[in-house]
Amino acid sequence: MNRTATRTVLVTLGLLTLAACVVNLSFSMDKPGVVLKSDVGTTKVTQQSIVVTLADYKEVTDHKANIKSLDLDYVDLTLTARDSTNTANTVTGTVALRKTLADASADIAVGTLTAFPLNVGSTLRISGTPALDAFLLQQLQSAGTFYVVINGAIDQGVANVTADFNLHASIGYDAGLF
């Protein structure tokens, strides 16, 4: 009888552990074809704003009611095309997340581009931070959208390039087995 009771307790504890299990799921929010151009007659890059709608991603919609965390693991920026009119060599600037396009006062910095080469295939990886994670979770729980905002300046000439922004994220959700 003691052996059966012990087995029952162990099985029950195992099931309770599964019931409270948080599952982590990684996914990508790819934003290809972002054109970066300089303003005419200046070295300033025209601000680019990329809208991200969290409901566009199956991983989010499948588990939205049970999501406990939403983390930005890293952002990959890859230059995919260089127009023949491009004469710039590098860009220096910032990447930030913004709640609403009209309000830059609450931008959350993602990272910086420092003399980033404007050559096809150039890649930069920017790691996430706890502040970015908190921002994403808040946006998931409220508007469900945010903007990736790119600002910068080129070293010379004219910029006209295309980049792929890929936000790698992960959600932690309650598996809700019971």
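The values are calculated or read from the model by the stated rules, or taken from the named source; none is laboratory data. Bear in mind the structure is a predicted one, so any value in this text is a computation, not a measurement. Note that we place each Cβ from the backbone using ideal geometry, even for glycine, and neighbour counts take in every protein chain shown. What goes into the accessible areas is simple: the full protein's heavy atoms, side chains included, and nothing from ligands, DNA or RNA. Shrake-Rupley method; radii C 1.70, N 1.55, O 1.52, S 1.80 Å.
Condition (residue is in a loop (DSSP other than H, G, I, E, B), within 30 Å of Asn66 (Cβ to Cβ) and open to solvent by less than 30 Å² (accessible area, probe 1.4 Å)) applied to segment 138-160: is it met by at least one residue? Checking segment 138-160: at least one residue is in a loop (DSSP other than H, G, I, E, B), within 30 Å of Asn66 (Cβ to Cβ) and open to solvent by less than 30 Å² (accessible area, probe 1.4 Å). If you filter segment 26-50 down to residues that are open to solvent by 70 Å² or more (accessible area, probe 1.4 Å) and not hydroxyl-bearing (Ser, Thr, Tyr), you find that the one that is nearest to the chain's Cα centre (by Cα) is Pro32. Quick one: in segment 56-69, which of the residues that are within 14 Å of Gln139 (Cβ to Cβ) and modelled with pLDDT under 95 is least open to solvent (accessible area, probe 1.4 Å)? Checking each candidate, the answer is Val60. A Cβ distance below 9 Å, combined with a sequence gap of six or more or placement on separate chains, defines the contacts here; from segment 63-77, residues that are more than 11 Å from Ser170 (Cβ to Cβ) and assigned to a strand (DSSP E or B) reach residues that are open to solvent by 50 Å² or more (accessible area, probe 1.4 Å) and β-branched (Val, Ile, Thr) in the pairs Lys68/Val22; Asp76/Thr123; Leu77/Thr123.
Please pick out the residue among Ala163, Ala169 that is in a strand (DSSP E or B) and within 20 Å of Val22 (Cβ to Cβ). Ala169 is the lone residue from the list that is in a strand (DSSP E or B) and within 20 Å of Val22 (Cβ to Cβ).
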